[in-house]
Amino acid sequence: MSEDPRAGESSSDPAPSEPARPGVRTDGGAAGADDVALDPWGSATIDDYRKLFEQFGIEEFEEVLPEVPNPHYLMRRGVIFGHRDYRPVADALREGEDAAVLSGFMPTGDPHVGHKMVFDEIIWHQQQGADAYGLIADLEAHAARGLSWDEIDEHTESYLLSLLALGFDPEDGEIYRQSGNREVQDLAFELGTKANFSELQAIYDFDGETNVSYMQSVVTQMADILYPQLDEPKPTVIPVGPDQDPHMRLARDLAARMRFFKVTEAYFSQELEPAELELLGRIVDSGSVSPEDHDDETLRCVHVARFVDALRAGETGSEIEAPPAVLDSLFGKLDEAGMEPIRPRVRFFDRNATEEAFEAIIEAVEGEKRVFEGHVDAFDLSLAEAEELAREIEVDHGGYGFYPPSSIYHRFMTGLTGGKMSSSVPASHISLLDDPEAGYEKVKAATTGGRETAELQRELGGEADECPVYELYAYLLSGDDDEFAKRVYEECVGGERLCGDCKEQAAELMREFLADHQEKREEARELLEGLDLEIETPRR
Ligand code: TRP
Ligand code: SF4
């Protein structure tokens, strides 16, 4: 098997004194795999990932796909299956407006074919016009994985060579190490003021034994994610594996917590919780409530309160439903507001605004407005206009004005030996440093979705959806050629393709890919040396 002297290194992912972190792996999100059934042209509704949609609010990528200009093959094939709030990025790419892409890699081992997907995602966004960032999460590797700085340096170089070899343009984009980026560390410190221990504990299962630098590496990642917006706020996408989603949710929260203003829709003076606001919106939009006085056409809080009360009692015959607790609390607030009119408006709620910024918002709102203690209501602005205005004023007054960062999620590759692809099992994955011959052999030795006998295979067809070799075709070996990937799939499930030949073809393609990639890595050395980045850290 693999004679590559470097192959052993990838089996050394140590995890000394690492606190358990269920649900969050720290291997780039590109490594390990769930057992994923692959559907060739990717309806993204795959059962294995369904709970991500339902429980965590990740949305199906398929649904934004039509808005993406010139989509990457990983998008077209459903390998990128989910997203959070990707639409603003897609819009910006389409309209030629500012956008950014950033992802990070823990230098814990050799880069492998799983990381290649993320490299490709960064590079594709760069080619579509986004500002592109690739970072080495060396602080995280040191604090969370206990890697020595020597090991980190060696892997750092290797990741970067592959990123460059695959086409990242460092003139136009930025590559950095967490340890060498003072701005990131300063931003991490600021963001840390908005997060507390209980929260990290809840998200990451940290406990009293978790080392402090580990926690620092979390806020560092938050800073990485927002770093592209330091000069100027812009839609930013973070391509990662779904295991990184907890980081995304925290980053989106922190981005919002840093904002000067929270802009929401509102209907009357009281502050509503999101669920109450949503319910009230549905009630008002449904037109189910009408003013009750004949001589006054004004819809008032009491009127809606009565309707909510009737909803609670199930007396309206209306389709509107909500949890009892939400009905109760909304009723209370409406009832208290009494005769106050219900009027849709947008609200600038003061979160962290300076006094000057608050004054400036009041000044800048056009049309009818009302100023309250901690908020300003505007009656003639749309939500989008209000958000833009809030960001503009914030930036003018020294704030960041962050957009909540977006994310896209790719499926994990199945291991070549079945089960998970693991950096600690060399035969399960193909390292980008594997000797081309070794890569060839690994593919030849891979498990397949084939049937017991050639006869059965001809009769029933192979199970491409269960086949790690087919995944190699779809995720990597077919490149941009959809027709080719589709042909492999159809020939397989149609019983025309037998595993021996199929693997031979895949193995040859893999050998070619590795040889070519490694040649490009060598060519990239010069580029790497030209970068303003220390490959040998002075740290110890
Ligand atoms: N935590 C990521 C990992 O486990 C690495 C990482 C650090 C990262 N900073 C990031 C990923 C910013 C995406 C964006 O590999
Ligand atoms: Fe997999 Fe190819 Fe066999 Fe189909 S023919 S099961 S794709 S190895």
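I'm checking my understanding of the structure. Among residues of the range 447-457 that are out of contact with any Pro (no Cβ under 9 Å at 6 or more places or on another chain) and without any contact (Cβ under 8 Å) to a residue 40 or more places away in the chain, which one is farthest from ligand 1 (Cβ to nearest atom)?
Within the range 447-457, the match that is farthest from ligand 1 (Cβ to nearest atom) is E455.
Given the structure, is A20 under 30 Å from M215 (Cα atoms), at pLDDT 95 or above and either out of contact with any strand residue (DSSP E or B) (no Cβ under 7 Å at 6 or more places or on another chain) or hydrophobic (A, V, I, L, M, F, W, C) (or both)? Break it down into steps so the answer makes sense when it comes.
Numbers: under 30 Å from M215 (Cα atoms): yes; at pLDDT 95 or above: no; either out of contact with any strand residue (DSSP E or B) (no Cβ under 7 Å at 6 or more places or on another chain) or hydrophobic (A, V, I, L, M, F, W, C) (or both): yes.
The answer is no for A20.
So which residues in the range 287-305 are modelled with pLDDT of 90 or more and touching an Asp or Glu at 6+ places or on another chain (Cβ under 8 Å), if there are any at all?
Residues satisfying the conditions are R300, C301, V302, H303, A305.
Going through the range 181-202 one residue at a time, which ones are out of contact with any strand residue (DSSP E or B) (no Cβ under 9 Å at 6 or more places or on another chain) and either assigned to a loop (DSSP other than H, G, I, E, B) or touching a residue at least 60 places away in the same chain (Cβ under 8 Å) (or both)?
E190, L191, T193, K194, A195, N196
Only one of (1) surrounded by fewer than 19 Cβ atoms within 10 Å (Cβ to Cβ); (2) over 19 Å from A141 (Cβ atoms) is not met by F168, so which one is it?
Checking F168 against (1) surrounded by fewer than 19 Cβ atoms within 10 Å (Cβ to Cβ); (2) over 19 Å from A141 (Cβ atoms), the one that fails is (1).
Condition test on T298, is it in contact with a strand residue (DSSP E or B) (Cβ under 8 Å, 6 or more places away or on another chain), of a type in the set (S, T, Y) and either exposed (fewer than 14 other Cβ atoms within 10 Å of the Cβ) or touching a residue at least 24 places away in the same chain (Cβ under 8 Å) (or both)?
On the way: in contact with a strand residue (DSSP E or B) (Cβ under 8 Å, 6 or more places away or on another chain): yes; of a type in the set (S, T, Y): yes; either exposed (fewer than 14 other Cβ atoms within 10 Å of the Cβ) or touching a residue at least 24 places away in the same chain (Cβ under 8 Å) (or both): yes.
Against the criterion (in contact with a strand residue (DSSP E or B) (Cβ under 8 Å, 6 or more places away or on another chain), of a type in the set (S, T, Y) and either exposed (fewer than 14 other Cβ atoms within 10 Å of the Cβ) or touching a residue at least 24 places away in the same chain (Cβ under 8 Å) (or both)), T298 qualifies.
Look through K234, K262 and report the one residue that is more than 21 Å from the chain's Cα centre (by Cα), surrounded by fewer than 23 Cβ atoms within 10 Å (Cβ to Cβ), more than 13 Å from ligand 1 (Cβ to nearest atom) and charged (D, E, K, R).
Only one candidate passes the filter, namely K262.
Take the residues in the range 462-478 that are open to solvent by less than 30 Å² (accessible area, probe 1.4 Å) and either assigned to a loop (DSSP other than H, G, I, E, B) or within 16 Å of ligand 1 (Cβ to nearest atom) (or both), then tell me which one is farthest from D120 (Cα to Cα).
Once the filter is applied, the top-ranked residue is G462.
Just checking: which of the helices (runs of 4 or more DSSP H) contained wholly in the range 43-109 hold 1 or more residues that are modelled with pLDDT of 95 or more?
73-76, 87-95
Every residue, every condition in (1) of a type outside the set (A, V, I, L, M); (2) away from ligand 2 (no atom under 16 Å from the Cβ); (3) outside any helix (DSSP H, G or I); (4) in contact with a Phe, Trp or Tyr (Cβ under 9 Å, 6 or more places away or on another chain), yes or no:
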{"residue": "E452", "(1), (2), (3), (4)": "yes, no, yes, no"}
{"residue": "D480", "(1), (2), (3), (4)": "yes, yes, yes, yes"}
{"residue": "K503", "(1), (2), (3), (4)": "yes, no, no, no"}
{"residue": "E523", "(1), (2), (3), (4)": "yes, yes, no, no"}
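The values are calculated or read from the model by the stated rules, or taken from the named source; none is laboratory data. All values derive from a computational prediction rather than experimental measurement. Neighbour counts run over all protein chains shown; Cβ positions are idealised from the backbone, glycine included. With ligands, DNA and RNA removed, areas are computed over all heavy atoms of the protein, side chains included. Shrake-Rupley method; radii C 1.70, N 1.55, O 1.52, S 1.80 Å.
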